[in-house]
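Asks: The structure that follows is given in the form of structure tokens.
The values are calculated or read from the model by the stated rules, or taken from the named source; none is laboratory data. Here the structure is a predicted model, which is why all the values come from computation and not from measurement. Don't worry about glycine lacking a Cβ; one is built from the backbone with ideal geometry, like all the others, and counts go over all protein chains shown. SASA here: full protein model, heavy atoms, side chains in, ligands and nucleic acids out. Shrake-Rupley method; radii C 1.70, N 1.55, O 1.52, S 1.80 Å.
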Amino acid sequence: MTPRNRTLAATTAIIALTATACGDSSSSQEAALERLIENESGQEIDLDLDGDGGFSLQSEDGGFSINVDDDGNVVFDSDEGSGTFDIDGDTGGTLEFEGDDGSGSVQVGEDGSFVVTDEDGEVVTGQADGDGGFTVTGEDGETMVTDIDEDSGSVVISSDDGSTFESGPGIPDQWPSDIPQPVGLSDATGTFMGDATSMNVVVAGTPEGDPIAYLDDYVAQLVAAGFSETATYTSDQAVTYTHERDGIMVASSYSDLGVTGQIVVTIGQS
């Protein structure tokens, strides 16, 4: 595990511990953390919050897990290193880990603060707000703020460089007004990632009635809005269309998930 990945592992551990201390993890929180780690590491990962204070994460470079027993003791384990979290007070303590690349630690205060030190001595500090959110600050002074609305499950992550990530129910407010919205989807969830020069918006949900008819109707709306089809992919369980207009790409797809099906519409601009 590289120094960067080990720091990410430790940081992720403390994020998960902080989140579980503030309440049960929702699927939107899990998805938000997963996308955040993917954005920071440049890798696709699979994050699983087990609901008992522990979680596992799998990436293309390997995986690791953190398990919490009834007494609050934590064990971190991976193919390339392991560690323990010693409780000091109700929610404070120290996570120490050691592996092939060296050792590091994470110190957690009872007030929700934490300090991550990697094997190179680089330090990242953070502070939980008590409502499921937290702020992370690097050695260079750059900060990343995460706000979580536990009632709606919405998550907003913003950083000093102007980049923003949002995840929650419904269609994101940043959806461009001149692009048709995928309305009428049940249990719709949306995400937005963007900065001053690029954006990515995703909406996923279950259509009512015939999903293929829904997708065909949405594609017709895109064409009517001036988009041109650039690619089509079909299989027994999925259909995907790609349209473009003035440098904006829209991918719309239907996937058969067995018990149900899902429509996913993605807008990309860079």
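Asks: Please find, within the range 210-223, the residue that is farthest from residue 267 (Cα to Cα) out of those that are open to solvent by 70 Å² or more (accessible area, probe 1.4 Å) and without any contact (Cβ under 8 Å) to a residue 24 or more places away in the chain.
Replies: Ranking the candidates gives 210 first.
Asks: Residues of the range 117-133 being at pLDDT below 80 and open to solvent by less than 70 Å² (accessible area, probe 1.4 Å), which ones?
Replies: 118, 119, 121, 128, 130, 132, 133
Asks: Given the conditions (1) free of Cβ contacts under 8 Å to residues at least 60 places away in the same chain; (2) in contact with an Asp or Glu (Cβ under 8 Å, 6 or more places away or on another chain); (3) in the same structural domain as residue 224 (by the TED database), which single one is not true for residue 156?
Replies: (3)
Asks: Looking at 164, 191, 197, 206 in this structure, which one is modelled with pLDDT under 90 and not basic (Lys, Arg)?
Replies: None of the other options fit; the residue is 197.
Asks: Considering only residues that are part of a loop (DSSP other than H, G, I, E, B) and open to solvent by 50 Å² or more (accessible area, probe 1.4 Å), look in the range 144-154 and name the one that is modelled with the lowest pLDDT.
Replies: The selected residue is 150.
Asks: Would you tally the residues in the range 160-170 being more than 17 Å from the chain's Cα centre (by Cα) and either open to solvent by less than 30 Å² (accessible area, probe 1.4 Å) or of a type outside the set (D, E, K, R) (or both)?
Replies: Counting residues in the range 160-170 that are more than 17 Å from the chain's Cα centre (by Cα) and either open to solvent by less than 30 Å² (accessible area, probe 1.4 Å) or of a type outside the set (D, E, K, R) (or both) gives 1.
Asks: Under the condition of being within 25 Å of residue 131 (Cα to Cα) and open to solvent by 40 Å² or more (accessible area, probe 1.4 Å), which residue from the range 184-200 is farthest from the chain's Cα centre (by Cα)?
Replies: Result: 187.
Asks: Report the residue count in the range 172-183 for those that are surrounded by 15 or more Cβ atoms within 10 Å (Cβ to Cβ) and either at pLDDT below 95 or farther than 14 Å from residue 250 by Cβ (or both).
Replies: 2
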